[in-house]
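Input: a single structure, listed below in structure tokens.
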Amino acid sequence: MDIVLTGTGNPVPDADRAGPSTLVKAGGTHILVDAGRGVVMRMAGAGSLPGLLSAVLITHLHSDHICALNDVITTHWVMAQGNSALAIYGPPGTAQFVDRQIHALEADIGYRIEHHEALTKGPQVEVTELAPGDAFAVKDVAVTTAATDHAPVRPTIGYRLEHEGSTAAIVGDTLPCPGVDALASGADAYVQTVIRQDLIRPIPIDMIQDILDYHSGVAEAAQTAARVGAKRLVLTHMAPGPSPDQYPEWVAMAAEHFAGEIIIGDDLTSVSI
């Protein structure tokens, strides 16, 4: 199983970081978790494309995690020539969001159907709305879910993916909570969005301060990884976005609490498990 950070950014635009998304390649099964800005380009850089996706998993409906889902849907439709449906899983509200995205693309859909003989109908999607604790399979990948804590965003869902003895936990934006513990327990890789509280607290902007109360800090993510016996901690969606020369600081903070492997990097950083 390969885990590719197809977007390590946060809501603040960054020329070097796409919006939050993670690509899991398990044999021939490609699964995208979240779809932040620029994800289709990053997928191409990761040796994948929407036409190769078996499923998209959505953790929550914050715009920075879903704003490029329409690009994923449209590109999948065109690449598949309308002959296969894209499976999309997410919390309640996902179906309405997808429906509104397709509605917003009505003009484009009409143009393409008129122009391309192979396209006889609009994008085909199969949306499944999940409750925490739901389990399902995407081809040969077993997926389990649990509730995460990103209030006032409700509900939010994290995912545990298992394939041929390898396990990845990708939990999205959250504070430490029992659901994260369950998903990351013994995982080969625990992928967690993190912030640097020490760098954010001095910023005198209320909306910046607000992010402190619903994201894991670096130390908290490391404590979770240690508590549940995860083998690797993968940091993503970093805020403020670090430059490469700052990576050792972030790793050192995590290493104070977690003795396993700690991974931080640019977009397209890949972890094989």
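The values are calculated or read from the model by the stated rules, or taken from the named source; none is laboratory data. A quick note: this is a predicted structure, and the numbers were derived from the prediction, not measured. All Cβ positions, even for glycine, are placed from backbone atoms using ideal geometry, and neighbour counts span all protein chains on display. These area figures cover heavy atoms from the full protein model, side chains too; ligands, DNA and RNA do not enter into them. Shrake-Rupley method; radii C 1.70, N 1.55, O 1.52, S 1.80 Å.
Computed values, structure above
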{"item": "Kirkwood Rh (inverse of mean 1/r, distinct Cα pairs), segment 110-184, angstrom", "result": "14.6"}
{"item": "0 to 90° range, to nearest 10: angle between helix 106-115 axis and the chain longest Cα axis", "result": "50"}
{"item": "Alpha carbon Rg of the chain, scaled by the compact-globule rule 2.2 N^0.38 Å", "result": "0.98"}
{"item": "Net charge contributed by nearby residues that have their C-beta within less than 13 Å of Gly158 (K/R +1, D/E -1)", "result": "-4"}
{"item": "Given the chain, longest segment not containing exposed loop GluC sites (Glu not before Pro) (DSSP; at most 12 other Cβ within 10 Å)", "result": "1-116"}
{"item": "Surface share of carbon and sulfur [accessible, 1.4 angstrom probe, percent] for the chain", "result": "53"}
{"item": "Kirkwood estimate for segment 1-153, i.e. one over the average of 1/r between Cα atoms, Å", "result": "15.9"}
{"item": "Charge tally in the Cβ shell below 15 Å around Val141, where Lys, Arg are +1 and Asp, Glu are -1, Val141 excluded", "result": "-3"}
{"item": "Amide H partners (placed H, <5 Å) of Thr59, local residues excluded", "result": "Asp34"}
{"item": "Helix-only mean residue ellipticity at 222 nm for the chain, each DSSP H run of n ≥ 4 adding -39500 (n - 2.57), per residue, nearest 500", "result": "-7500 deg cm²/dmol"}
{"item": "Dipole of the chain, positive direction: furthest Cα of Gly110, Phe136, Ala44, with charges on the beta-carbon", "result": "Phe136"}
{"item": "Proximal lysines relative to Lys231, as straight alpha-carbon distance under 21 Å, when same-chain residues fewer than 8 apart are discounted", "result": "Lys25"}
{"item": "Total formal charge among the other residues, if their Cβ is under 12 angstrom from that of Asp71, Lys/Arg +1 and Asp/Glu -1", "result": "+1"}
{"item": "Degrees separating the helix 69-80 axis from the principal Cα axis of the chain, which is the longest one", "result": "50"}
{"item": "Charged-residue dipole, Cβ positions (Lys, Arg, Asp, Glu), the chain about Cα centre, Debye nearest 20", "result": "300"}
{"item": "Euclidean distance between Cα centres, segment 42-77 to segment 133-159, Å", "result": "17"}
